[in-house]
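The values are calculated or read from the model by the stated rules, or taken from the named source; none is laboratory data. This one's a predicted model, so the numbers in the text were calculated from it and none came from an experiment. Quick reminder, even Gly has a Cβ in these numbers, built from the backbone with ideal geometry, and neighbours come from all protein chains shown.
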Amino acid sequence: MAVSIIDGTITEAVLKSSRRNLRIYRQIVFRLPDGGSKTWQKAVVDEHVAPLIQPGTSGRFYLFTAVEIRGIHGVRDDKGGAVFTFPKNTETASLICAIMGAVVTVLLLAIGYVSLWPILLMVLGVALYVVHRSTRLAAVAQYEADAGYRPPPPAAA
Amino acid sequence: MRGWRDAGGMARFARRLLGLDAGLSFLLVVLPMDPNGASQLASRLLGFVATVCFLAAALAFLRWLYLADGNARALGADDLMGSPAMAVIWYFVPLLGLFMPYATMRDLWKASAHPSDWQPASSHPAVPLWWACWLIGNIAGTIALVVGLESDLGAANAAPFLLVSRLASAGSALLLALIVGRIQEMQEDARPTRIFGP
């Protein structure tokens, strides 16, 4: 499924690397309301969402998977915080691949050559762009459709 | 999300065809190949039967994969990437088809073993070994085809690549039969405790 939801509390968030606007977590462990746990590995999170990805954050987490990339694009926590940012890096990279493939194909055709590689690059770029873009649109729709949701406030100690 | 659909029959059918495919590949390796002899017709006939068997095994496997991927989601692994249809489509996507079918099968194994929290689970060594055999078989087969077409001594030069291709393909089919059987078992073991109703 391209987008999904987890209601729970983060018990572990291990940051693996930080690159430009992206934070990549080795693993994020959620404690679920039924006492079980759910682990997300190699999760990609935008820098605007990352401050809420830490142990103790409780609420609703909005998640996505696209090809071999998975991550968290939104959080509504039990303290009233709400943040949504979908990392668009791979979508942009796919579009650049598609454009580069198209440009090289046209340039080669102009001088009388045909090569399979730029055509493959273009097809792959277009396919990945469509997948990543549709996942982003599904994520936006998911978060907006859930606008009325407020997680229950934390229980008094 | 769709519910559980029985994939046991398709798993058994796919495994039989994969076993037959592996057997025919081995047979093509051990049979003496004399391009001018009387065995030429028999060899061609066997090659045709092996091709038909491979296509039937591929269809049965892809049908099972679609069902098994959906069943893993029905068991609780709702965060598997893509969809059951995508698990099948990856085999036909240029370049990504070199990696994504493996990633899908690796995740399917993990999700079948521990559906509710599958990501930290480990896969089985048979999965990467199956994919390595599949890639080696295809690469060696492609080289054999290119070498065989290019020179006068093409058939002789292509023979070692063809041998590697057939052995790797047979190994790949056997490993896939093992993987299909084990994933089906794990899903059926997980089913009664998680799925209620028919």
Determine the pairs where a residue that is in contact (Cβ under 8 Å) with a residue 12 or more places away in the chain, located within segment A:20-41, has a partner that is of a type in the set (Asp, Glu) and assigned to a strand (DSSP E or B) with Cβ atoms under 6 Å apart, the partner being 6 or more residues away or on another chain.
A:21/A:46; A:29/A:12
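Would you please name the residue that is farthest from the chain's Cα centre (by Cα), looking only at residues in segment B:40-92 that are of a type in the set (D, E, K, R) and in a helix (DSSP H, G or I)?
Going residue by residue through segment B:40-92, those that are of a type in the set (D, E, K, R) are B:44, B:63, B:69, B:73, B:78-79.
Those left that are additionally in a helix (DSSP H, G or I): B:44, B:63, B:69, B:73.
Working: B:44: 24, B:63: 12, B:69: 15, B:73: 21 Å.
In this case the residue turns out to be B:44.
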Inspect all residues belonging to segment A:123-144 and state whether any of them is in contact with a Leu (Cβ under 6 Å, 6 or more places away or on another chain) and surrounded by fewer than 20 Cβ atoms within 10 Å (Cβ to Cβ).
yes
Look through segment B:128-181, keep the residues that are without any contact (Cβ under 8 Å) to a residue 24 or more places away in the chain and of a type in the set (D, E, K, R), and return whichever of them is surrounded by the fewest Cβ atoms within 10 Å (Cβ to Cβ).
B:152
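Please tell me if residue A:109 is among the hydrophobic types (A, V, I, L, M, F, W, C), farther than 27 Å from residue B:115 by Cα and within 12 Å of another protein chain (Cβ to nearest Cβ). Let's see the steps before the verdict.
Working: among the hydrophobic types (A, V, I, L, M, F, W, C): yes; farther than 27 Å from residue B:115 by Cα: yes; within 12 Å of another protein chain (Cβ to nearest Cβ): no.
So residue A:109 does not fit the description; no.
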Go through segment A:1-74 and tell me which strands (runs of 3 or more DSSP E), entirely inside it, have 2 or more residues that are away from chain B (no Cβ under 14 Å) and over 11 Å from the mean Cα position of the chain (by Cα).
A:3-19, A:58-66
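State yes or no: is residue B:82 in contact (Cβ under 8 Å) with a residue 40 or more places away in the chain, at positive phi and within 14 Å of another protein chain (Cβ to nearest Cβ)? Walk me through how you get there before you give the answer.
Working: in contact (Cβ under 8 Å) with a residue 40 or more places away in the chain: no; at positive phi: yes; within 14 Å of another protein chain (Cβ to nearest Cβ): yes.
Spelling it out, it is not the case that residue B:82 is in contact (Cβ under 8 Å) with a residue 40 or more places away in the chain, at positive phi and within 14 Å of another protein chain (Cβ to nearest Cβ).
Taking into account only those residues within segment A:109-157 that are hydroxyl-bearing (Ser, Thr, Tyr) and part of a loop (DSSP other than H, G, I, E, B), which is modelled with the lowest pLDDT?
Filtering segment A:109-157 down to residues hydroxyl-bearing (Ser, Thr, Tyr) leaves A:113, A:115, A:129, A:134-135, A:143, A:149.
Of the ones still in play, those that are also part of a loop (DSSP other than H, G, I, E, B) are A:113, A:115, A:149.
On the way: A:113: 89, A:115: 89, A:149: 84.
So the residue we want is A:149.
Going through B:95, B:45 one at a time, which residue ends up being over 29 Å from residue B:186 (Cβ atoms) and within 14 Å of another protein chain (Cβ to nearest Cβ)? Step through it out loud before you land on a result.
Details: B:45 fails: within 14 Å of another protein chain (Cβ to nearest Cβ).
Checking each option against the conditions leaves just B:95.
Given the condition within 14 Å of another protein chain (Cβ to nearest Cβ) and either surrounded by 19 or more Cβ atoms within 10 Å (Cβ to Cβ) or touching a Gly at 6+ places or on another chain (Cβ under 6 Å) (or both), answer yes or no: does some residue in segment B:48-69 qualify? Talk me through it step by step, then tell me what you get.
Keep residues of segment B:48-69 that are within 14 Å of another protein chain (Cβ to nearest Cβ), which gives B:69.
Still in the list and also either surrounded by 19 or more Cβ atoms within 10 Å (Cβ to Cβ) or touching a Gly at 6+ places or on another chain (Cβ under 6 Å) (or both): B:69.
Yes - at least one qualifying residue is present in segment B:48-69.
Yes or no, residue by residue, for (1) within 17 Å of residue B:180 (Cβ to Cβ); (2) in contact with a Gly (Cβ under 9 Å, 6 or more places away or on another chain); (3) among the aliphatic types (A, V, I, L, M):
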site: B:74; (1), (2), (3): no, yes, yes
site: B:77; (1), (2), (3): no, no, yes
site: B:119; (1), (2), (3): no, no, no
site: B:131; (1), (2), (3): yes, no, no
site: B:145; (1), (2), (3): no, no, yes
site: B:150; (1), (2), (3): no, no, no
Of the numbered conditions (1) surrounded by 15 or more Cβ atoms within 10 Å (Cβ to Cβ); (2) in a helix (DSSP H, G or I), residue A:106 fails exactly one; give the number of that condition.
(1)
Taking segment A:116-157 and keeping residues of a type outside the set (A, V, I, L, M, F, W, C) and within 14 Å of chain B (Cβ to nearest Cβ) leaves A:118, A:125, A:129, A:132, A:134, A:135, A:142
